[in-house]
Amino acid sequence: MSFFESSPYAHASVSSSLNSYLDHTNTVILIMSGTPPTHSEFNSGDYISSKYASDGTWGSQILVRFNGNGSVWSSGDIGGFVEGRHSAYTNNIILTEAEGTGVATWFLICNTQSNPSSTYYRCAMMGEVGEYGDGKELEMVDTNIITGNKYQFGSLTIQPPYRFEW
Amino acid sequence: MAIFFSDQLAGEMFKTMRGSNVVWNEYNSQSVIRYYTGTPPTAHQFRVNGDSAYASQYVGGLSNFGVSYSNGKFWVNPPPSNIAITAQTTGVITWAISRSHQSRPVMGSVGGPYSTDMFKVNDVNVVAGEKFYYLGMELQLKGLV
């Protein structure tokens with residue numbers, strides 16, 4: 001098995017660049033319904049922002065759209081030596097009306113920039129949504145989303161992995 | 001399922017590994033690749049325990065090179081001047097570390113010339129006193145985690 005692994009100390013430099021690419025007024029967090037894309041589907045084809053456009057592959061799956069409002073990620077690492085963690089929206093809690101009805105199954109965090117020459121254009125991350133205790137990457141009290149109801153994003157902690165295998 | 005990072009974001013996240021006093025430099029006399037046999041520790045354990053803790057697994061290494069970066073891909077550039085390494089032990093090379101900053105090693109698997117491993121040598125089977133050859137260190141991180 002081929003692998004790459006960084007030490008936490010080396011990793012601090014890695015995770016800090018999350019600030020560079022997903023810390024903007026252009027960052028959006030989308031709560032989605034339906035089947036999450038595979039890794040291959042996530043990376044191939046249209047640019048990310050085209051995929052969640054109204055006429056895009058994922059356009060009909062959007063339930064809630066949290067638009068970036070200033071700093072998305074709080075500054076620096078937390079947890080002492082356990083470096084590389086970044087938390088989100090601790091200072092920018094957003095109350096948003098849902099634009100779709102359905103069961104939240106996955107989320108997407110990406111940059112909305114539309115310039116194809118921009119590195120930001122393909123910078124995105126995604127994970128699964130579940131209710132508390134489900135063990136999903138994003139947990140909600142209730143995954144049943146209703147159009148017009150208001151939802152707020154409390155906080156999110158991302159710790160990029162140390163180990164990659166292929 | 002874990003969090004997916006797009007390939008682009010994964011590459012950009014790791015881009016900062018190449019910079020002054022980070023993990024790799026464009027050129028640094030302290031840049032090293034060290035090859036080992038046996039079961040690898042975690043990169044964190046290696047950093048904490050230090051090189052000496054793995055001396056019995058150490059096969060050999062090289063230094064003095066730079067690491068280039070572009071579009072999510074790292075590679076040694078220019079190649080190290082002396083790619084012939086005399087093995088200090090007999091065994092199968094399985095892992096290696098690289099760094100240009102003493103406290104910030106990264107680790108990867110080692111394979112033959114046509115492998116998909118991060119580090120490539122002419123033959124992972126080495127005999128003490130005989131030479132093996134560095135054939136590259138290349139890393140393109142994909143977003144799947």
Inset, instruction - Could you grab me the full set of residues in region A:40-64 that are open to solvent by 40 Å² or more (accessible area, probe 1.4 Å), outside any loop (DSSP other than H, G, I, E, B), within 12 Å of chain B (Cβ to nearest Cβ) and not charged (D, E, K, R)? - result: A:SER40
Inset, instruction - Considering only region B:12-21, state which residues are surrounded by fewer than 22 Cβ atoms within 10 Å (Cβ to Cβ) and under 15 Å from the mean Cα position of the chain (by Cα). - result: B:ARG18
Inset, instruction - Among the candidates A:THR90, A:THR143, single out the residue that is farther than 21 Å from B:PHE14 by Cβ and modelled with pLDDT of 65 or more. - result: A:THR143
Inset, instruction - Look at B:THR16 and say whether it is of a type in the set (Val, Ile, Thr) and farther than 23 Å from A:TYR121 by Cβ. - result: no
Inset, instruction - Would you mention how many residues in region B:125-145 are crowded, with 20+ Cβ neighbours inside 10 Å, over 24 Å from B:MET13 (Cβ atoms) and either over 14 Å from the mean Cα position of the chain (by Cα) or facing another protein chain (nearest Cβ under 10 Å) (or both)? - result: 2
Inset, instruction - Report yes if B:PHE46 is of a type in the set (Phe, Trp, Tyr), surrounded by 18 or more Cβ atoms within 10 Å (Cβ to Cβ) and within 8 Å of chain A (Cβ to nearest Cβ), otherwise no. - result: yes
Inset, instruction - Please verify whether region B:57-71 includes one or more residues that are facing chain A (nearest Cβ under 10 Å), under 15 Å from the mean Cα position of the chain (by Cα) and modelled with pLDDT of 90 or more. - result: no
Inset, instruction - Would you check if there is a residue in region B:76-93 being more than 13 Å from chain A (Cβ to nearest Cβ) and in contact with a Pro (Cβ under 8 Å, 6 or more places away or on another chain)? - result: no
Inset, instruction - Looking at (1) of a type in the set (Gly, Ala, Ser); (2) at pLDDT below 65; (3) outside any strand (DSSP E or B), find the lone condition where A:SER117 falls short. - result: (2)
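The values are calculated or read from the model by the stated rules, or taken from the named source; none is laboratory data. If you're wondering where the values come from, they're calculated on a predicted model, not measured in any experiment. For neighbour counting, all protein chains shown are included, and Cβ atoms are generated from backbone atoms with ideal geometry for every residue, glycine included. Calculation scope for accessible area: heavy atoms of the full protein, side chains included, ligands and nucleic acids excluded. Shrake-Rupley method; radii C 1.70, N 1.55, O 1.52, S 1.80 Å.
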